[in-house]
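Heads up, the thing below is written out as structure tokens.
Laboratory data are not the source of any read-out in this text; all were calculated from the coordinates shown. Since this is a predicted model, take the numbers as computed values, not measurements. In this analysis, Cβ positions are derived from the backbone assuming ideal geometry, glycine residues included, and neighbour counts consider all displayed protein chains.
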Amino acid sequence: MTGYNIVHHEMAETHCTRFPLLVPGRTLSWFGFHLFYGFCGEVCVKKATRRLVSGMLLGALVVVSGLGLSFDRVWQGSSARFSGHVVLRGLSDPVRIERDRQGIPTIRARNADDAYEALGFVQAQDRFFEMDLLRRVAAGRLAALVGSEAERDDERIRRFRLEAVVRAAYARATPRERARLIAYSRGVNAGLHDLRHRPFAYALLGLRPR
């Protein structure tokens, strides 16, 4: 196989700067093994070209730095709360949420309803996108989130009528069970609203959580 070479021409030292360069040479085949090698040369860059390249590199550095700062701001803003004070309208007593070094929460509440609301708050802050994803998959509405590629899967899932099954189960629930489900959903909405930025996955998709 024939490679390609870059030919070096002599130029005046006052008009250019020389840089070492390793370029592809040839590929040798020997008993089934392929050996690729190159050769060292020099490339001569004029001052005007050097200034242009330097300007382009500087501009690229500024753009990358800006993107990095934006990424960090969105990432941090969509992360769960680890400290502070939050007011949840449905609580009857104060609830304390503690997180260990790995971010795993512990909920301390005086009654079950408050614990359910705090649980919804924590789970929304940690995993709202995953919760929304599973909800859409079960309902056959994934295409609204990820695009038309999921339409066939949505049609297949809708045959099971899982949304109707859930509504029927909720209708049969006791008043206490319904109250706890409502408290949980209220906590989910509060946890999502408390984030400074939408969860990062939605930012990548260009969507807003619903």
**Asked** Whose amide H sits under 5 Å from the amide H of ARG99, counting only residues 5 or more places off or on another chain, with H placed in the peptide plane?
**Response** THR106
**3J(HN,Hα) from dihedral phi, the stretch 128-142, Karplus parametrisation 6.51/-1.76/1.60, rounded to Hz, x for glycine, proline** = 5, 4, 5, 4, 5, 4, 5, 4, 5, 4, 5, 8, x, 10, 6
**Message:** How high is the relative contact order of the stretch 78-205? Use alpha-carbon pairs under 8 Å, at least six apart in sequence, and give a whole percent.
**Reply:** 36
**Message:** Among ALA169, PHE82, PHE129, which residue has its Cα furthest toward the positive end of the charge dipole of the stretch 71-210, with +1 on Lys/Arg Cβ and -1 on Asp/Glu Cβ?
**Reply:** ALA169
**Complete:** Checking rank on 104-110, 166-172, 177-183, with mean other Cβ inside 10 Å and highest first, the result is 177-183, 104-110, 166-172
**Request:** Treating the Cα atoms of the stretch 78-205 as identical point scatterers in vacuum, please give the log10 of the normalised Debye intensity I(q)/I(0) at q = 0.22, 0.23 Å⁻¹, two decimals.
**Result:** -1.23, -1.27
**Complete:** A correct fewest-to-most ranking of ASP93, ASP153, ASP114 by other Cβ atoms within 10 Å would be ASP93, ASP153, ASP114
**Item:** Sorted by Cβ density within 10 Å, fewest first, the residues HIS193, HIS85
**Value:** HIS85, HIS193
**Request:** Let me know the charge dipole size of the stretch 78-205 about its Cα centre in debye, to the nearest 20, where only the beta-carbon of Lys, Arg (+1) and Asp, Glu (-1) is charged.
**Result:** 280
**Message:** Assuming 0.36 nm per residue, please report the length gained on full extension of the stretch ALA139 to GLU98 beyond their Cα-Cα distance.
**Reply:** 11.4 nm
**Request:** Per residue of the stretch 158-165, in order, report the coupling 6.51 cos²θ - 1.76 cosθ + 1.60 (Karplus, θ = phi - 60°) as ³J(HN,Hα) in whole Hz, putting x for Gly and Pro.
**Result:** 5, 4, 7, 6, 5, 4, 5, 5
**Asked** If r is the Cβ-Cβ distance from ILE107 to ASN189 and R0 is 22 Å, what FRET efficiency results, to the nearest 0.05?
**Response** 0.80
